[in-house]
Amino acid sequence: MSAILGWCVAGALALCTWWVWRRFNTDWRHLEHLLEELAAGRKPESFVFRHGGRFARLTHPLDDIAEQREKLNRELHDEAFNLQTILASMEEGVMVVDAHHTLRLVNPSFVSLFDLRGDPVGQTVLRTLRESAFEELITKALQSGQAQRADVERTADKRHFAVHAVPVREFGGAPGVVAIIRDMTRLRQLEEVRREFVANVSHELRTPLSIFHGYLENLIDAPSMPRKDQVEIFEILRKHSRRLNALLEDLLTLARLESRQEKMTCVSMKLPALLRSVAGDWSQKLAAKKLTLEVDAMDSLPNISGDPQRLEQVLHNLLQNAVKYTETGGNIALRAAAQNGHIEVRVEDTGLGIPPTDLPHIFERFYRADKARTREMGGTGLGLSIVKHIVQLHGGSVAAESKYGKGTTIILQLPVVGIEN
């Protein structure tokens, strides 16, 4: 009897042990699953343990861990999104460099600024930018621990960059540098244009003002000067006052055109009629130099949309140059023809022509192919620049052809009415 009772007790103990082990094993496997999900960055569907007990005490702590992890992930995602948004919206190029001068992060503007192909992250600064000045600036910022500024001219293409390099520390304490790069090339070009413009205006004003000063001193020092000599001086002064007035008028016109303050009053108009009208205005000056002027423009040409006053100014400027530089007995022609949705106007002369080296620059302000002769003839050096801006405001273009010693042709392209560029 005692033996049977012993076996019953042993069986009960074994069954109880198996039951406890089964509950423990089930909850243990569930715990392993929860930890694997959390490690993988996923939130489990439930933290509740099937059999409760001691494992049930882990439900709330594990749930809190998952919530905190999810919150941290959201914050990291938001910060990364904000950082990418800020970097993508910046016009300046940004690069983050580590202590080994390796690029850790760049923004889209950096890639486009240096015309890079592919992702430069992981490459060194020198290999990416191929300019030692950038490398030297990063080195200086890392060594000094202070922000560095420098203007860098890239040797390959002569582009100018303003670089601001700021040393930073990573989470682990390792040093790095954040560099902000701005392309200053266009600003430098504009500054150079401004300096040249000021120099040119100063030069253009200096000559007539010096003449004024000299002759006025003569008049003051010699009040009894013969009337004939006085008249000659007054004629010279009037000539240069007209030149100054023309220069100032052209400067004001050009300033308005370049700033887009000059409004075009465009109407549908017949260009052949305008060509013949302008040609008639020059009949006396043409006769004085024994020049012939041919107008070749069919009345059936399509209308153009243009400002009659400004286009008349263009033609007068071009004819003035043609008459000025064409020798006595030469020929000038005004031609107009339809060309692929445009009216092409050609102003041709048999004058001195323009050297090939000067031809690309003749529409620049104050540019003169023959500086001495142009000043002698009274030109301001702004006429062709004004022509270019007026034509461009009409949606057209202007170009020049010339054979030195044989003549020049200025070609205008003006859109016809109803044609979109």
Quantify, in whole percent, the carbon and sulfur part of the accessible surface of segment 262-370 (1.4 Å probe; protein heavy atoms only).
-> 51 percent
Computed accessible area, Val267, all protein chains, 1.4 angstrom probe, square angstrom | 70 Å²
For Phe234, what accessible area in Å² do you get when you roll a 1.4 Å probe over the heavy atoms of the protein chains, rounding to the nearest 10?
-> 90 Å²
Straight-distance crosslink candidates among lysines, where the alpha carbon sits under 20 Å from Lys239 and sequence neighbours closer than 8 are dropped | Lys228, Lys285, Lys324, Lys371
Estimate the FRET efficiency between Glu70 and Leu105 by the formula 1/(1 + (r/R0)^6), using the beta-carbon distance for r and 30 Å for R0, to the nearest 0.05.
-> 0.70
Probe 1.4 Å, all protein chains present, accessible-area order of Leu382, Leu251, Leu209, largest first = Leu209, Leu251, Leu382
Here the gain from full extension of Ser268 to His361, 0.36 nm per residue of separation minus their alpha-carbon distance, amounts to 30.3 nm
Ordered by packing density, taken as the mean number of other Cβ atoms within 10 Å over each peptide's residues, highest first, how do 185-196, 400-411, 221-232 rank?
-> 400-411, 185-196, 221-232
Where only protein heavy atoms count, and the probe is 1.4 Å, what is the accessible area per residue for segment 293-370 in Å²?
-> 45 Å²
Rounded to the nearest 0.05, FRET efficiency between Glu312 and Asp119 (Cβ-Cβ, R0 56 Å) equals 0.50
Surface per residue (accessible, 1.4 Å probe) for segment 84-238, Å² | 63 Å²
Per the rule of 0.36 nm per residue minus the C-alpha distance, extending Glu192 to Asp221 adds in nm 6.2 nm
Given a Förster distance of 35 angstrom, what is the FRET efficiency for Glu344 paired with Ala287, based on the Cβ-Cβ distance and rounded to 0.05?
-> 0.80
For Asn331 and Lys403, compute 0.36 nm times the residue count separating them, minus their Cα-Cα distance, and round to one decimal in nm.
-> 24.4 nm
Could you tally the net charge around Leu244, taking each other residue with its Cβ under 12 Å from the Cβ of Leu244, Lys/Arg +1 and Asp/Glu -1?
-> +2
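The values are calculated or read from the model by the stated rules, or taken from the named source; none is laboratory data. Note that this is a predicted model, so its numbers are computed, not measured. Please note: Cβ atoms are built from the backbone with ideal geometry, for glycine as well, and neighbour counts cover all protein chains shown. When the accessible area is computed, the model is the full protein with side chains, heavy atoms only, and any ligands, DNA or RNA have been set aside. Shrake-Rupley method; radii C 1.70, N 1.55, O 1.52, S 1.80 Å.
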